[in-house]
Every structure is written in C-alpha cells, then in structure tokens.
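Here is the structure we will look at.
The values are calculated or read from the model by the stated rules, or taken from the named source; none is laboratory data. Every value quoted in this text rests on a predicted model; they were computed, and no experiment measured them. All Cβ positions, glycine included, derive from the backbone under ideal geometry; neighbour counts span all protein chains shown. Note: areas computed on protein heavy atoms with side chains; ligands, DNA, RNA excluded. Shrake-Rupley method; radii C 1.70, N 1.55, O 1.52, S 1.80 Å.
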Protein chains: 2
Amino acid sequence: MAGSAGDLVRLVAKGHGRSRAELARLSGMAPSSVSLRVEELIDAGLLREDGEGASRGGRRPRQLRLHENAGVVVAVDVGTHHLRMAVLDLAGRVLLEHELPGDITEGPERVSERLLEHIRMTLRQATVEELPLLGVGMGMPGPVDPAAAKVIAPSRMPGWNEYPIGRRMSELLGVRVVVENDANLMAVGEHRYGWPDRDNLMAVKAGTGIGCGIIASGKLHRGRGAAGDISHVPVHVPEPVTCSCGHSDCLEAHASGAALRRTLRAQGIEVSSSRQLVELVNDGVPEVTTLVRNAGRLAGQVLTPLVNFFNPDVLVLGGGLSAAEPFVAAVRGAIYERCLPLATRDLEIATAVTGRDACMLGAGALVLDEVLASEWVDDTLSAR
Amino acid sequence: MAGSAGDLVRLVAKGHGRSRAELARLSGMAPSSVSLRVEELIDAGLLREDGEGASRGGRRPRQLRLHENAGVVVAVDVGTHHLRMAVLDLAGRVLLEHELPGDITEGPERVSERLLEHIRMTLRQATVEELPLLGVGMGMPGPVDPAAAKVIAPSRMPGWNEYPIGRRMSELLGVRVVVENDANLMAVGEHRYGWPDRDNLMAVKAGTGIGCGIIASGKLHRGRGAAGDISHVPVHVPEPVTCSCGHSDCLEAHASGAALRRTLRAQGIEVSSSRQLVELVNDGVPEVTTLVRNAGRLAGQVLTPLVNFFNPDVLVLGGGLSAAEPFVAAVRGAIYERCLPLATRDLEIATAVTGRDACMLGAGALVLDEVLASEWVDDTLSAR
DNA sequence: ACACGAAACTTCGATTCCGAACAAAGATGG
DNA sequence: CCATCTTTGTTCGGAATCGAAGTTTCGTGT
C-alpha cells in the first residue's frame, strides 16, 4: 500500500494501525520512515500517544490515536419525521448527540435552515467549542447524486428534487459537505462500527421506505448511482396495490412502513410512525403483528436472490421495522429457507449494531473518510 | 497508484499506460523515475518501444508495449463438451487457439491428462517454441474455490468434487495455475476485452447451466466464494420441475440449455448440444423458438431485481443461448419493462464481444494479472 | 534470577526518488 | 516561416526513504 502522511492517519482512524510497527506492516513503509512521519504528525497535533498496548511477545507497542483536539465533523441523518445530529471527533467517536422533530415535506429551505441553526448552536457548546469543524455528512431518505450533492427524483420529498442542498450547506458553513442516501450510509456505518473485518455487506433499511446499501470489498458500491434499490422489485401478493412507479406489486408498496400504515388505516387503526407501529407489535396487537411478519416475509423473498447473487458476509437489518422481532424472524426464515447452503453457510444476519444511529454514524464515517483523504492532512502538517 | 516496476508493467499490460508520460500520470511517480524504470524494463526484455503515437498537441509519445518474447500464458476453457485452449502473450493477444471435443463427465484424471498433452504439444509449435510458459488459467463450469484451485460441490461433474486440479496441473507443468468459475471468467474477459472502461459489469452465461459473473469497481467480485449464483432463484412458472437442489421452480431447471433439451426430448425432439439448439432456432423451428424465448423471459425476470440492485454499467449476455436472438430479445424486453428507469437509463445490454472465447480469454486475463502481480517481474528485472 | 528470543522502535549511512529546469519535437496561428 | 504554447522525455542536485544494525523492553523457559 502507498505511503504518505495521509495514509498513516487513515490507518489510525480506521483502527487498523494502532502502533508504529503495525503502521509499518500495513502501509508497507519502512519502520524508520513511519517513526519519522508519526513524530511529525504528533508535533502537528494530529496524532497522540495513548499509553501502551498488550505485548505480542516482545516490547509493548506505544499506542497511537487521533488527537481529539484536531477537529470534528458533524453527521446528520435527515429522516422523514426527524433530524438527528451528532458531532464526532476524527476517530469517529460521538461527542454530542441530538435529535429534533422535523418534517421533510416542509421542503429544503426550511429544513436546511433549521439544520444550520442547530449545527451552529451545537458547535458553540463547551465540549467542542474551540475545535475546528472539518466537514459535514448528510443522509437523505431518497436517491442521491453524491457528486452533485443533490437528491434526485425522490418520492415523498416535495421540493427536494435537484435542490443543491450540499452546495448550500457548504457555502453557509464554509466546509465540505457530503450527501448520501440513508441506506448507503447505514451500510457504511454498520461496516465501520459493527463489522469492520467483513468487507462484503448488505444493509437493508426498512422504515417508511425500503432501501439497501452495499459494501463491496470494503467500499460503498454505488453502481451508476442508483445501486441498492430494492423498493420496486415485484413480490408475490394476492392483492395489487398501486405504487408510485406505476406497477402494482412492488415490495415498497406492500412491505414498507408507509404501506403497512396505509393498510392499518383501512382497517381503522391509525398509526403515525414506524416507531408506533413497532410498539403495537410489541404490545401484541395481532393484526399488526401479522402484517409486520408478512412484510418481513416479502422482504426476505426479495432478498433471497440478492444474497445468492452478492454472497455477502453479513446482512444487516435496520430501520424502524427491524425493531420488530417478527419482521426480523420472517426475513431470516425466508432467507434460510430458500438461499443456497453455500450462500448462507457463513452468512451473518443481524440487526443494526448501531441501531437508530446507523445512518448518522455512516454519514460521519463517510465525511471522515473524505476529510482524511483530502489535502487537509498535508496542509495541517506543513502549517506547523 | 503505488509505484514499483510491477505497477508499470501492469499498466502497460492493461493498455492504460502507453507512454512514459502516461505512466507517470497514472502511477503517480515522477516522470524521471518512470523513465529510469522503463529503461530497466526494456533492458530486461519486458517492455519494448513500438513507434510513436499520435500527438496530443505537443511532442509525440514513444509508445510502449510488452515485449512479445517475454513469455506466454495458456488459457483453458473446460466446457461440458469441449476443451478450448489458447496461448496468449503478456499483452493478452492470442498467439494460438485450439479446440478439441471433450467430455467433462470422464472425470478429472482423464480430462487433465488430455489437457496436459495438448498444452505440451501446443507449446512445441514454432510460434511459441522458445518462449517461457509463465502460468495457466482454467475455467470450470461449476463452483470453484480459487484459493484451493478446486471445484466444489458441482452438479453434472462426477468425480470433480474437491479434486485438486490446480495443484496437479501446477506440479506437472511447473508453473502457477489459477482456476475459476466460467461465468466469473466470462465477466473478466468481457471487462478486459470488451468494456475496459466500464467498471461495474454483470456477465450472464446461459449455456448448459446458467451462471453470472460480477465485476465491481473493476475487480472480480467473489463474495464469500459463491457470488453470482443465479441458477436457483425461483421463477414464476405453471409447471414445476424438480431441480438438483430439491426445489421445483429454479431458474436453471426451467431456462438452462439442459432444461430446454429435456423439455424438447419429452416432445420427441432430440437435441445434443446448446449449439444445435440455437441452430434449430435460427432454422425457425417454432416449438424450439418459443421455448428459447420463454427461457429468455425467465432469465430476464430473475435479472431485473439484480440489475436494480447492482446497477451495473453493462449487462453482458454470453454462453450458448445468447447466440439465439429470441433469447436475447426476451431478456432485454423483460429488463426494460420492469427495471427502474434510473437503472436502465445508461445500461448497456450486449452479447459477449468475444463470443465463444469469452471464458477462455477471461482465464488468460486472470492468470496474466496474477503473473504480472507476482515476484516474476522483479525477478526478471534483477536477473539481467 | 538470568539468559535468550522476540517484538517495538531508533539511528545513520547508502540509495532511491522526486522535482525543477532543460531539451526535444510537434501543433497552432498569424 | 517564425514565435509561442504543449506535450514528451531527460538531466542532475537535494531531499526523502530505505534497510541493516543497534537499542529498548518485554515474554519465556530454566
């Protein structure tokens, strides 16, 4: 692997390189060069020594970590009915966390205004007062063009189409802003915080909508930009329900939180959010439980060929519905029943390790990657 | 981006770096360093200058290519009813090509014996007589564990399970032997020879069986080893047919060449190979055409969610059935009908550029990658 | 307690590599 | 046809990198 200052910082940031010796092994650089570079990075305030680690049969390594005062990033999860926000240090540790209600249908101007206000307020808090803001990561519940940092052709997000949310935020805050789809971020977050050594991962986000993020060979797979879309895969159901795409047998039209709520409403049961839906399941309301279990079965039906095809190490289930045990059980059942033994033999099927924070943490991880891959490292080095 | 002698050779081999200046840009090394290294490589007989290229507004570049006398690799496509073989130079150009009938059910001992004999015979031919053999790539029509170079749990290949074909060939020939699944190789071959700039590609091989190879970010995606399996995805059909896996609605049981031949046999039409099947289609035999078109529809049905999910740049259709126009048309139709516009907008659906050679060329490309990534380059450099 | 090996750094001379300036060769445009 | 700009490739001194040997510090076995 290549060898420059940035590479070392990134290795430390991802937790793979925790001592000079380890960095030398991973980066391919000579131990002497690593030592020199690390010294510089410590002098520049980017790294810091952090006690000694466990011996592996010889001298104990002097552990390295990113200096917590080097800077912070802000991670935002824009949901359909909430705004979640966190401030992370360069190592991806959460310093502050914060949720406020929101309504994405209010449009991008109002939402971004509220967001900015809260980001500024949060950054004034004591814990992070003096630390420079290095970047912002945002997750959006719809298709995103990350290069343009825009949402494109979303459903349920009036006014957001092509709105340059990334550029706007970037101008007002003066830092880089990366925008990504929420399911993709869930995949990034779970890969980083939950399954760092499993480099092929699928993360299904079953909330108001249904999406899927893909990690292939350790990197987010975007395809031509729309990869991971499973919402309009046809499923086998008795009663057709018209979907926004014009078909009537889409997974999303039958198994998403929005679809379930619609069905319940027709039965006279009013539910306002996925969370409340799950509460009803946990309270043992039979109609709701049946419905949720069936949604899981449908999702499993769709995921089965995808698991055979992609053959991941881990399948992560996240989003609101994943908090309902029957949903998860049904997905598991469908997959084990119909996937090839070769595909399920070593497959882990798990709910999101980071729970409701998955998308937000993924946004943080993504922007951290960008920051640490940028010129910022070298600039900081040469500045001191 | 790293910079050593091997990297330069690989860039030249892949056709991306064709002059010193281009190599400098792509490798990230300084132009001066590239010049020095290239000089060494030319002295060692690995590279050679090849006239001048077109000017881009300044001095004309002195083009570089791999020296054709540096060595050769052998690529083998082991089919169910044939053995195809080629000798390639380091740039992946075919020097000799060769097909002989074969029957994979004769078992690994007899097949590998015949193969060895033919490889040795071919290598004695005038064109490649003096050139060192650097490696062998083999494609097998079943699941492969590339690390162990074995076929694992195949259907229709009695005697091959766990047989160490790679090690055996390697011992007898004295060179490295890489073994891979044929659909994966088709993907590699098509990516290299047909779509070098499209780094997300799916290649479907519809022959006696049905398989799929995946190129993600320019590299073969293996998942946990079984990625690309689409043969046992359930399809929607009126009449169940028992599959080797125990289910009755597998794609392979209804749309593979073997399945079609079985159906035709029940109708009193005896067909011995996929090629003959295609001939009947081209002769306009209606029963056969209908059957093949339906197989294409089923394959398309299965591919639709996978295209949405993986969102490739290119979908390549190869294998025997892809020579039948109705099959290809049906796949195309199914995908355009049911995939998301976002996924099909820039999607290319094409039959294999390299036709029947795809797997074989893929085997060559794969072993070339291995050879050029090995110590061989550095050894050759320091030897002279 | 002591010797020994093993791992984590450090030191320092030799080597490699970079990068800025330069030379070569050609396109472009009056 | 000549001046100017581009691109390619080379030269050469200075700087960064390597790597082999050395130092430090620990586990292990006796």
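What about B:Gly17, is it within 29 Å of B:Met360 (Cα to Cα), open to solvent by less than 10 Å² (accessible area, probe 1.4 Å) and not in a helix (DSSP H, G or I)?
Details: within 29 Å of B:Met360 (Cα to Cα): yes; open to solvent by less than 10 Å² (accessible area, probe 1.4 Å): yes; not in a helix (DSSP H, G or I): yes.
Considered against the rule, which asks whether it is within 29 Å of B:Met360 (Cα to Cα), open to solvent by less than 10 Å² (accessible area, probe 1.4 Å) and not in a helix (DSSP H, G or I), B:Gly17 comes out as yes.
Here are B:Leu88, B:Leu100, B:Leu95: which of them is assigned by TED's automatic domain parsing to the domain that holds B:Met169, touching a Leu at 6+ places or on another chain (Cβ under 6 Å), away from DNA strand D (no atom under 16 Å from the Cβ) and part of a strand (DSSP E or B)?
From the options B:Leu88, B:Leu100, B:Leu95, the qualifying one is B:Leu100.
When the range B:286-301 is examined, which residues are found to be within 14 Å of chain A (Cβ to nearest Cβ) and of a type in the set (A, V, I, L, M)? Show your work before the answer.
To start, the set of residues in the range B:286-301 that are within 14 Å of chain A (Cβ to nearest Cβ) comprises B:297-301.
Once the filter is applied, which keeps residues that are within 14 Å of chain A (Cβ to nearest Cβ) and of a type in the set (A, V, I, L, M), the range B:286-301 yields B:Leu298, B:Ala299.
Checking the condition touching a residue at least 24 places away in the same chain (Cβ under 8 Å) and within 19 Å of A:Cys359 (Cβ to Cβ), which residue from A:Ala330, A:Ala324 passes?
Of A:Ala330, A:Ala324, the one residue that is touching a residue at least 24 places away in the same chain (Cβ under 8 Å) and within 19 Å of A:Cys359 (Cβ to Cβ) is A:Ala324.
Do we have B:Gly71 as surrounded by 13 or more Cβ atoms within 10 Å (Cβ to Cβ) and in contact (Cβ under 8 Å) with a residue 60 or more places away in the chain here?
Working: surrounded by 13 or more Cβ atoms within 10 Å (Cβ to Cβ): yes; in contact (Cβ under 8 Å) with a residue 60 or more places away in the chain: yes.
Criteria met by B:Gly71.
Within the range B:20-37, work out how many residues are in a helix (DSSP H, G or I), open to solvent by less than 40 Å² (accessible area, probe 1.4 Å) and more than 8 Å from DNA strand D (Cβ to nearest atom).
1
Yes/no matrix, rows are residues, columns are (1) more than 29 Å from B:Leu291 (Cα to Cα); (2) of a type in the set (Asp, Glu); (3) out of contact with any helix residue (DSSP H, G or I) (no Cβ under 9 Å at 6 or more places or on another chain):
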position: B:Leu172; (1), (2), (3): yes, no, no
position: B:Ala183; (1), (2), (3): no, no, no
position: B:Pro196; (1), (2), (3): yes, no, yes
position: B:Val233; (1), (2), (3): no, no, no
position: B:His236; (1), (2), (3): no, no, no
position: B:Pro240; (1), (2), (3): no, no, no
position: B:His247; (1), (2), (3): no, no, no
position: B:Glu252; (1), (2), (3): no, yes, no
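Based on what the data block shows, is A:Asp77 in contact with a Cys (Cβ under 6 Å, 6 or more places away or on another chain), at pLDDT 90 or above and closer than 28 Å to A:Ala358 by Cα?
So A:Asp77 passes the test.
Just to be sure, is A:Lys205 within 14 Å of A:Val78 (Cβ to Cβ), open to solvent by 30 Å² or more (accessible area, probe 1.4 Å), of a type in the set (D, E, K, R) and out of contact with any Phe, Trp or Tyr (no Cβ under 9 Å at 6 or more places or on another chain)?
Details: within 14 Å of A:Val78 (Cβ to Cβ): yes; open to solvent by 30 Å² or more (accessible area, probe 1.4 Å): yes; of a type in the set (D, E, K, R): yes; out of contact with any Phe, Trp or Tyr (no Cβ under 9 Å at 6 or more places or on another chain): yes.
The answer is yes for A:Lys205.
Which one of these is over 27 Å from B:Arg224 (Cα atoms) and not polar (S, T, N, Q): B:Val111, B:Val136, B:Val151? Don't jump to the end; show me each part of the working.
Working: B:Val136 fails: over 27 Å from B:Arg224 (Cα atoms); B:Val151 fails: over 27 Å from B:Arg224 (Cα atoms).
Residue meeting the stated conditions: B:Val111.
It is to be established whether one or more residues within the range A:267-284 are in contact (Cβ under 8 Å) with a residue 40 or more places away in the chain and open to solvent by 70 Å² or more (accessible area, probe 1.4 Å).
Yes: the range A:267-284 contains one or more residues that are in contact (Cβ under 8 Å) with a residue 40 or more places away in the chain and open to solvent by 70 Å² or more (accessible area, probe 1.4 Å).
Name the residues in the range A:122-148 that are assigned to a helix (DSSP H, G or I), open to solvent by 50 Å² or more (accessible area, probe 1.4 Å) and in contact with a strand residue (DSSP E or B) (Cβ under 8 Å, 6 or more places away or on another chain), would you?
Hit for the range A:122-148 is A:Thr127, nothing else.
Suppose the filter is among the hydrophobic types (A, V, I, L, M, F, W, C), out of contact with any strand residue (DSSP E or B) (no Cβ under 6 Å at 6 or more places or on another chain) and open to solvent by less than 10 Å² (accessible area, probe 1.4 Å); does A:Ile119 pass it?
no
Which strands (runs of 3 or more DSSP E) does the range A:168-275 wholly contain that include 3 or more residues that are within 14 Å of chain B (Cβ to nearest Cβ)?
Values: elements: A:176-181, A:201-206, A:210-216.
Once the strands (runs of 3 or more DSSP E) in the range A:168-275 are filtered for at least 3 residues that are within 14 Å of chain B (Cβ to nearest Cβ), what remains is A:201-206, A:210-216.
Output the number of residues of the range B:90-114 satisfying the condition of being open to solvent by less than 40 Å² (accessible area, probe 1.4 Å), touching a strand residue (DSSP E or B) at 6+ places or on another chain (Cβ under 6 Å) and under 27 Å from B:Ala70 (Cβ atoms).
3
Say we look at the range A:42-66 and pick out the residues that are more than 20 Å from A:Leu88 (Cα to Cα), within 9 Å of DNA strand C (Cβ to nearest atom) and touching a residue at least 40 places away in the same chain (Cβ under 8 Å); which of these is surrounded by the fewest Cβ atoms within 10 Å (Cβ to Cβ)?
Here the residue is A:Arg62.
Suppose we keep only residues that are part of a loop (DSSP other than H, G, I, E, B) and either within 9 Å of chain A (Cβ to nearest Cβ) or β-branched (Val, Ile, Thr) (or both) within the range B:302-329. Which one would you say is surrounded by the fewest Cβ atoms within 10 Å (Cβ to Cβ)? Working first, answer last.
First, pick out the residues of the range B:302-329 that are part of a loop (DSSP other than H, G, I, E, B): B:311-313, B:319, B:324.
From what is left, the residues that are either within 9 Å of chain A (Cβ to nearest Cβ) or β-branched (Val, Ile, Thr) (or both) are B:311-313.
On the way: B:Asn311: 26, B:Pro312: 26, B:Asp313: 18.
So the residue we want is B:Asp313.
Out of all the residues in the range B:335-349, which are under 23 Å from the mean Cα position of the chain (by Cα) and open to solvent by less than 20 Å² (accessible area, probe 1.4 Å)?
Of everything in the range B:335-349, those that are under 23 Å from the mean Cα position of the chain (by Cα) and open to solvent by less than 20 Å² (accessible area, probe 1.4 Å) turn out to be B:Leu347, B:Ile349.
Among the numbered criteria (1) in a helix (DSSP H, G or I); (2) touching a helix residue (DSSP H, G or I) at 6+ places or on another chain (Cβ under 9 Å), which single criterion is violated by A:Val73?
Unmet condition: (1).
Which ones in the range A:356-384 are of a type in the set (Asp, Glu) and open to solvent by 50 Å² or more (accessible area, probe 1.4 Å)?
A:Asp369, A:Glu370, A:Glu375, A:Asp378, A:Asp379
Name the single residue, out of those in the range B:3-19 being more than 12 Å from DNA strand C (Cβ to nearest atom) and touching a Ser or Thr at 6+ places or on another chain (Cβ under 9 Å), that is farthest from the other protein chains (Cβ to nearest Cβ).
B:Gly17
Given the criterion over 30 Å from B:Pro341 (Cα atoms) and modelled with pLDDT of 95 or more, identify the matching residue among A:Val281, A:Val302, A:Val307.
None of the other options fit; the residue is A:Val281.
With the requirement that a residue be over 20 Å from B:Gly362 (Cα atoms) and part of a helix (DSSP H, G or I), what does the range B:105-121 give you?
B:Thr105, B:Glu106, B:Pro108, B:Glu109, B:Arg110, B:Val111, B:Glu113, B:Arg114, B:Glu117, B:Arg120, B:Met121
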